[in-house]
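Read through the structure below, which is laid out as C-alpha cells, and then see the notes.
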Amino acid sequence: MGKLKGAILVLSGPSGCGKSSMLKKLFNEFDNYYFSISTTTRQIREGEKEGRDYYFIDKEQFEKDIEDEMFLEWAIVHGNYYGTSIRPVLESLEKDELVIFDIDVQGYKIIKEKLDNFTTSIFITTPSHACLEERLINRATDSKEVIEKRLVNAYEEMKHIKSYDYFIINDDLEKASDLLISIAKTSFASIKLYDDKKLIDNWRGKGLSEDLFHQID
C-alpha cells in the first residue's frame with residue numbers, strides 16, 4: 001500500500017518534566033522499539049553509564065563527526081554539544097521499529113526537516129514554571145545557576161509548542177504516561193507514512209477502467 005517502514009516518535013520538553021519516568025512506562029508496552037541514545041560533550045553524571053544514557057566524547061571528536069556528517073541532528077545546549085547518529089536510526093526504521101527520540105526543540109526541527117514523513121512529535125511539560133522549578137530543586141543534580149538556565153530555556157522552548165503534533169501536561173504521571181503510550185501506538189497509523197498516490201492506486205485496483213478513472217479524476 002506504499003507505506004513507509006517504521007515510525008519515529010519525538011519527545012521534547014524541559015529537563016524535570018518527567019520524560020524519563022514516562023518513557024519507562026512506554027518501554028514496558030513496546031517490544032519492537034529503538035531508543036535513540038545521544039552523543040554529548042558534557043561530563044558524565046553520577047549514576048549514568050556510557051552507552052546506556054549517552055555516548056560521552058570530547059569536543060574535538062564531536063566537531064570532527066559534524067564535519068563528517070555523522071549526525072542526524074546536533075545542537076548546543078547549556079554550552080555542551082548533543083547529537084544523534086543517523087546510522088542506527090535508519091537501520092531501525094528498516095526493521096519496522098518505533099524509533100524514540102528525547103531531544104530539544106532545535107533537534108526536533110532538524111529531524112522534521114529530514115524525516116518528517118516518519119515523525120510524530122510530542123511536547124511534554126509541567127503544569128507551571130513554579131512546578132518545574134520545584135522538581136529541579138528536589139532532584140538535586142544541578143547547581144542554582146544551571147537550574148536558572150534550565151528554567152529560562154524551558155520558557156523559550158514553550159514558545160514552539162505549536163510546531164508539535166501533540167502536547168502533554170504531566171501533572172499526573174499515570175495519566176500522562178497512558179496518553180503517551182496511546183500516541184506512540186497510533187504513530188504507526190499516521191497518514192504521513194503513506195505515499196498517497198500508491199495508496200489510492202492500490203486501493204482502486206482494477207475496479208475502474210483507466211478511461212473512466214481519468215474522466216472522474
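Rule-based calculations on the coordinates, nothing more; no lab input. Computed from a predicted structure; not experimentally measured. In this analysis, Cβ positions are derived from the backbone assuming ideal geometry, glycine residues included, and neighbour counts consider all displayed protein chains.
A cut-off of 5 Å between modelled amide H atoms, ignoring neighbours fewer than 5 places along the same chain, links TYR81 with THR41, ARG42. Please compute the net charge surrounding ASP104, taking Lys and Arg as +1 and Asp and Glu as -1 over other residues with Cβ under 14 Å from its Cβ. Here the charged neighbours net out to +3. Amide H contacts for TYR194 (H built 1.01 Å from N in the peptide plane; partners 5 or more residues away or on another chain; cut-off under 5 Å): LEU4. A helix-only calculation puts the chain at -12500 deg cm²/dmol for mean residue ellipticity at 222 nm, using -39500 (n - 2.57) for each DSSP H run of at least four residues, averaged over all residues. Scalar couplings 3J(HN,Hα) for the range 124-130, obtained by applying the Karplus form with A = 6.51, B = -1.76, C = 1.60 to θ = phi - 60°, are 10, 8, 8, x, 7, 4, 5 Hz; x denotes Gly and Pro. Take the Cα of LYS185, step 7 Å toward its Cβ, do the same at LYS144, and the gap between the two points is 4.7 nm.
Amide H contacts for LEU72 (H built 1.01 Å from N in the peptide plane; partners 5 or more residues away or on another chain; cut-off under 5 Å): THR84, SER85, ILE86. So what does the Cα-only Debye profile of the range 43-172 read at q = 0.11, 0.12, 0.14 Å⁻¹, as log10 I(q)/I(0), no solvent term? Each listed q corresponds, in turn, to -0.48, -0.57, -0.79. A simple spin-label model places pseudo-atoms 7 Å from Cα toward Cβ; at LYS64 and LEU199 they are separated by 4.5 nm.
3J(HN,Hα) along the range 52-57, derived from phi through the Karplus expression 6.51 cos²θ - 1.76 cosθ + 1.60 where θ = phi - 60°, amounts to 10, 8, 8, 9, 9, 9 Hz, with x in place of Gly and Pro. Looking at the range 1-83, the GluC sites (Glu not before Pro) that sit in a DSSP loop and have at most 15 other Cβ atoms within 10 Å of their own Cβ are GLU29, GLU46, GLU48, GLU69. Cross-linked pairs LYS3/LYS185; LYS112/LYS185; LYS59/LYS192; LYS149/LYS175; LYS5/LYS185; LYS24/LYS64: Cα-Cα separations exceed 26 Å for LYS59/LYS192; LYS149/LYS175; LYS24/LYS64. Counting only DSSP beta bridges with both residues in the chain, the antiparallel share comes to about 30 percent. Per-residue 3J(HN,Hα) values for the range 189-201, derived from phi via the Karplus relation 6.51 cos²θ - 1.76 cosθ + 1.60 with θ = phi - 60°, read 9, 4, 5, 5, 6, 10, 7, 4, 5, 5, 4, 5, 4 Hz in sequence order (x marks Gly and Pro).
Roughly how far apart, in whole Å, are the Cα centres of the range 1-80 and the range 114-169? Distance between centres, Cα-based: 16 Å.
Contact order, relative form, for the range 94-196: 38 percent (alpha carbon pairs under 8 Å, 6 or more residues apart, mean separation divided by residue count).
Within straight-line reach of LYS197, meaning a Cα separation under 17 Å, sit the following aspartates and glutamates at least 8 residues removed in sequence or on another chain: GLU210, ASP217.
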